[in-house]
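Note sheet for the following structure.
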Amino acid sequence: MRNKRVVITGMGIWSCIGKNLEEVTQSLYHGKSGIGIDPLRKEFGYRSSLTGMVEQPVLKGLLDRRLRIGLAEEGEYAYMATVEALKNAGIDMDYLEKNEMGILYGNDSSAKAVYESIETVRQKGDTMLLGSGSIFQSMNSTVSMNLSTIFKLRGINMTISAACASGSHAIGLGYFFIRNSMQDLILCGGAQETNLLSMGSFDALSAFSIRMDEPTKASRPFDTDRDGLVPSGGAASLILEEYEHAVKRGATILAEVIGYGFSSNGEHISQPNDVGSLVAIERALTDAEISAKEVDYVNAHATSTPQGDGYEAIAIDNVFGKYRPLISSTKSMTGHECWMAGASEIVYSLLMIQNSFVAPNINFENPDEYSAKLNIATKTVDKKLNVILSNSFGFGGTNSALIIKKV
């Protein structure tokens, strides 16, 4: 059986640089940072108070209370992103009730919901006071179980937990399901809670930037003066669809997913390396049946950590050195959106394809010995894009690389 073509027919976003596609496009083009200071973090005991400033959506009036009570914070973001993605794809509830759609969503924590339920029992001494929504908010699969219920999705239904590559792997697996004729339509994405309860353990690793005097300059991927990542979050949703199915439905095709590569470092649980990154990138190129010179732009994983950015730069240079595609890390504006990053960065890249530009890697002022070899876009570049690569790497050595192409 020949492999089916997999296309993207809808997308939606809720992030610190915008609450919809239009706002996010403007932020990307103008290099607008969404990073700020959360004073509660310092009071709580954080070393760094930096974070992506993500607005909490107000769902009252948009969604029935019975359906709201099971949504954790990251689920609320995912709901908003999915509403936009479905509208963007021309899919309404009537269509969903009559046709099968699956869901593969990236999420790797629901810390606030777990903490709050424990505190309730601790204070009240009675588990019966937790409320019916507690269990559905606190499970790692909270996003996929809630969205599948709200939108009446009856296909594949799974949460992908793969650290900071979760959103990317969700799209990659959705691509595999559709390519192999197992589904025609899948909602894929990633969501990340932004509350202070979810990020304390990262702060304990001294992983965060402490450049708190200039929040918008704290996230500086590839820059020699980078001192750590800035935590962020929100949600991104994409509608993946089999090509002929999309054509028959009369859908607008935004792009085609043509390659997915993956690997595991198999070494240190928290330290990255260049070999695993290289394997994922090369596997994606092989899967896409294209050469490195055909890639116009690389949306780098680069989180602004000293070691991680260096290893990725080595891997990128090894693959693309003589072709020098434009490279930027949108995390310079958004911070590290963790479980959602692999999905949001596909949305960001798609917006660049649609609007013919490469978003800048802001705060890149002085290269190090590795980033000096890369063609990093320090300012917005107006350029038509055809093929892009998006990298995502996470704790445990999980690596994912996606390639999408303009149709």
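Loop-located GluC sites (Glu not before Pro) in the range 327-396 (DSSP state other than H, G, I, E, B) with a sparse environment of at most 13 neighbouring Cβ atoms within 10 Å: 365, 369.
Can you tell me what the convex hull of the Cα atoms of the range 7-249 projects to on average, as an area in nm²?
On the way: hull surface 59.3 nm².
So the Cα hull casts an average projection of 14.8 nm².
Tell me, how many Å apart are the Cα centres for the range 70-84 and for the range 362-407? That distance is 28 Å. Spin-label model, residue 291 to residue 212: label points 7 Å out along the Cα-to-beta-carbon direction sit 5.2 nm apart. Placing unit charges on the Cβ atoms only, positive for Lys and Arg and negative for Asp and Glu, gives the range 260-405 a dipole magnitude near 420 debye about its Cα centre.
With θ taken as phi - 60° and the Karplus curve 6.51 cos²θ - 1.76 cosθ + 1.60 applied, the whole-hertz 3J(HN,Hα) list for the range 41-55 is 5, 5, 4, 6, x, 6, 6, 10, 9, 6, 6, x, 8, 9, 6 Hz, x standing for glycine and proline. For residue 258, nonlocal amide neighbours, meaning residues 5 or more places apart or on other chains whose placed amide H falls under 5 Å from its own, are 403, 404, 405.
Excluding same-chain neighbours fewer than eight residues apart, the lysines reachable from residue 42 by a Cα-Cα span under 18 Å are 112. Restricting the calculation to Cα atoms, every distinct pair contributes to the Kirkwood radius of the chain, found to be 20.9 Å.
Taking only Cα atoms and a 10 Å spring cutoff, compute GNM fluctuations for the chain and point out the largest among 30, 268, 245. Per the Cα network of the chain with a 10 Å cutoff, 268 tops the list. In terms of other Cβ atoms within 10 Å, 227, 309, 126 run from fewest to most in the order 126, 227, 309. From helices alone, the chain scores -10500 deg cm²/dmol at 222 nm; the rule is -39500 (n - 2.57) for each run of n ≥ 4 DSSP H residues, then divide by the residue total.
Considering only Cα-Cα distances, which of the following residue pairs are longer than 20 Å: 152/248; 293/405; 32/379? Don't skip to the answer; put the middle values down first.
Values: 152/248 22 Å; 293/405 14 Å; 32/379 12 Å.
Long pairs (Cα-Cα over 20 Å): 152/248.
Among the trypsin sites (Lys or Arg not before Pro) found in the range 280-361, those both in a DSSP coil and sparsely packed, with 16 or fewer other Cβ atoms within 10 Å of their Cβ, are 322.
Of the candidates 317, 382, 64, which one comes out as most mobile in a Gaussian network treatment of the chain with C-alpha springs shorter than 10 Å? Maximum fluctuation in the GNM of the chain, among the listed residues, is at 64.
When the chain is treated as a GNM, springs tying every alpha-carbon pair under 10 Å, which of 306, 325, 39 comes out with the largest mean-square fluctuation? Its mean-square fluctuation being the largest, the pick is 39. Largest first, the three principal axis extents of the alpha carbons in the range 260-405 are 40, 35, 30 Å in whole numbers.
Taking the Cα centre of the chain as origin, sum charge times position over the Cβ atoms of Lys and Arg (+1) and Asp and Glu (-1), and report the length of that vector in debye to the nearest 20. Could you put the intermediate results ahead of the total?
Details: 37 positive and 46 negative charges, 142 e Å.
That gives a dipole near 680 debye.
Selection among 232, 101, 207 by position relative to the dipole of the range 7-249 gives 101 as farthest towards the positive end (Cβ unit charges, Cα centre).
Readers should treat all values here as calculations from the given coordinates under stated rules, not as data from a laboratory. Owing to the predicted nature of the structure, the values given are computational and were not obtained by experimental measurement. Here Cβ is always computed from backbone atoms with ideal geometry, including for glycine, and neighbour counts include all displayed protein chains.
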